[in-house]
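Since the structure comes first, as structure tokens, the remarks are kept for the end.
The values are calculated or read from the model by the stated rules, or taken from the named source; none is laboratory data. The structure presented is a predicted model; accordingly, all values stated were derived computationally and were not measured. Here the Cβ is made from the backbone with ideal geometry for all residues, glycine too, and neighbour counts use every protein chain on show. Only protein heavy atoms, including side chains, enter the accessible area calculation; ligands, DNA and RNA are left aside. Shrake-Rupley method; radii C 1.70, N 1.55, O 1.52, S 1.80 Å.
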Amino acid sequence: MGFFHFDLLKKSARSSARLGIVHTPRGEIHTPAFMPVGTQATVKTMTPDEVAGLGADIILSNTYHLYLRPGLDVIRAAGGLHRFMNWRKPVLTDSGGFQVFSLASLRKITEDGVHFRSHLDGSKHFIGPEQSMEIQEALGSDIAMAFDECSPFPCSYEDALAGLDRTTRWAERCLKAPHAPGQVVFGIVQGSVFPELRARSAKEITGLDFPGYAIGGLSVGEPKSIMYEILERTTPLLPENKPRYLMGVGSPDYLFEAVERGIDMADCVLPTRIARNGTALTSHGKMVMRNAKYTRDFNKLDSECDCYTCKHYSRAYLRHLFNAGELLGHRLLTIHNLHFTLGVMERIRRSIDDGCFEEEKDAFFNQYSIQQKYSK
């Protein structure tokens, strides 16, 4: 593992919320942490310096997409993903498993891996544990994810069990594959919405002694209450001295709930995706900037926000940009939404350190409309 290690600094006395630092060769990740998603070697509309300036310690990039375009030869020739995209802090790469399995009609699962057709041009490809590790080795990410089978929701108990067993066998193969210098691999716990399968998967995956662990297969369409129940049952089964990562979760209410249940890291496309659709995350809930009620509203976007967008532009101007199809609107809302989401995590870290996480959560939920519905 080399330099990589996790320091658990403080735990809440009344919940499983915890404060920590993940140490990597490229810098520290202060946890709980939110990872902005840079799917194709870019956080959409943002420069790397802007993302870092908003407080991001780490970003996530996508193995499947970068393998297809621009391809490993290009990234190798550039000197790795960090140099290619000019990001100097840590990068986590997913295994490509979620994207491959989401192709449904375009893929075939075997014990060796997954045969699939590219969503770009229909060309045939194959990714298994060894191939996923080879791609992530070429990318040179700081944290690589083991190749896993992500069960859809809903699925049968039998299908979830089969996927769980395959995930364990693939995890063993991932650990044996070559890794980039300084790169570590996180194992992934699967088992869909079946608590006994989650317990079995956690036992098997933690038995392989990965440097960190992720909970996958949630936020894939299951009811919110079920996701929270699975988290409550699964997170305590993961080692306390290693980071815990909940994959694909990023709405503000989900972040508070996940941290309360012991999660250290999370990622999601939500802040950037809804920004491009004209929706802002604010201290009072979401705002759809295309709405006519903002036509003459010259107030700042969020009265409690000090981001670049809120300092310089009004709701009326933002509405104009989106209705005129101007790309600046995408940038300004992305800046704001990432600032807001990363600020939520900073607020959470500060409250854990001060011993008042539960009060902070209550105060946030009393102000923020958690009835809003977000797409992943």
Do we have Ser219 as among the polar types (S, T, N, Q), open to solvent by 10 Å² or more (accessible area, probe 1.4 Å) and at pLDDT below 95 here? yes
I'd like the full set of residues that are within 21 Å of Leu54 (Cβ to Cβ), of a type in the set (Val, Ile, Thr) and free of Cβ contacts under 8 Å to residues at least 40 places away in the same chain, limited to region 280-331. Thr309
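Checking the structure you have, find out if any residue of region 173-191 is more than 19 Å from Ile143 (Cβ to Cβ) and either at pLDDT 95 or above or out of contact with any helix residue (DSSP H, G or I) (no Cβ under 8 Å at 6 or more places or on another chain) (or both).
Residues of region 173-191 that are more than 19 Å from Ile143 (Cβ to Cβ), as a first pass: 191.
With the extra rule that they be either at pLDDT 95 or above or out of contact with any helix residue (DSSP H, G or I) (no Cβ under 8 Å at 6 or more places or on another chain) (or both), the set shrinks to 191.
Scanning region 173-191, I find at least one residue that is more than 19 Å from Ile143 (Cβ to Cβ) and either at pLDDT 95 or above or out of contact with any helix residue (DSSP H, G or I) (no Cβ under 8 Å at 6 or more places or on another chain) (or both), so the answer is yes.
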Restricting region 8-20 to residues that are assigned to a strand (DSSP E or B) and surrounded by fewer than 18 Cβ atoms within 10 Å (Cβ to Cβ), the residue that is nearest to the chain's Cα centre (by Cα): Leu8
Within region 38-60, identify whether any single residue is under 21 Å from His336 (Cα atoms), in contact (Cβ under 8 Å) with a residue 60 or more places away in the chain and of a type in the set (Gly, Ala, Ser), and answer yes or no. yes
Among the residues of region 99-121, the number that are touching a helix residue (DSSP H, G or I) at 6+ places or on another chain (Cβ under 8 Å) and farther than 18 Å from Trp170 by Cβ is 4
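Based on this model, can you work out whether Asp73 counts as open to solvent by 80 Å² or more (accessible area, probe 1.4 Å) and either at pLDDT below 95 or aliphatic (A, V, I, L, M) (or both)?
Working: open to solvent by 80 Å² or more (accessible area, probe 1.4 Å): yes; either at pLDDT below 95 or aliphatic (A, V, I, L, M) (or both): no.
So Asp73 fails the test.
Does region 79-95 include one or more residues that are outside any loop (DSSP other than H, G, I, E, B) and surrounded by fewer than 18 Cβ atoms within 10 Å (Cβ to Cβ)? Give the derivation first.
So in region 79-95, the residues outside any loop (DSSP other than H, G, I, E, B) come out as 81-85, 91-93.
Okay, now just the ones that are also surrounded by fewer than 18 Cβ atoms within 10 Å (Cβ to Cβ), so 83.
Yes: one or more hits.
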If you take the residues in region 176-216 that are β-branched (Val, Ile, Thr) and more than 18 Å from the chain's Cα centre (by Cα), which one is least open to solvent (accessible area, probe 1.4 Å)? Ile205
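Evaluate the following for Leu60: is it assigned to a helix (DSSP H, G or I), touching a strand residue (DSSP E or B) at 6+ places or on another chain (Cβ under 9 Å) and either open to solvent by 40 Å² or more (accessible area, probe 1.4 Å) or not acidic (Asp, Glu) (or both)?
Numbers: assigned to a helix (DSSP H, G or I): no; touching a strand residue (DSSP E or B) at 6+ places or on another chain (Cβ under 9 Å): yes; either open to solvent by 40 Å² or more (accessible area, probe 1.4 Å) or not acidic (Asp, Glu) (or both): yes.
No, not satisfied.
Looking at region 130-249, what strands (runs of 3 or more DSSP E) fall wholly within it and have at least 1 residues that are of a type in the set (Ser, Thr, Tyr)?
Numbers: elements: 143-145, 184-189, 212-215, 244-246.
The strands (runs of 3 or more DSSP E) meeting that bar are 212-215, 244-246.
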Given the conditions (1) modelled with pLDDT under 95; (2) in contact with a strand residue (DSSP E or B) (Cβ under 8 Å, 6 or more places away or on another chain), report the number of the one that His82 does not fulfil. (1)
Only one of Lys224, Lys242 that is within 21 Å of Val344 (Cα to Cα) and of a type in the set (D, E, K, R): Lys224
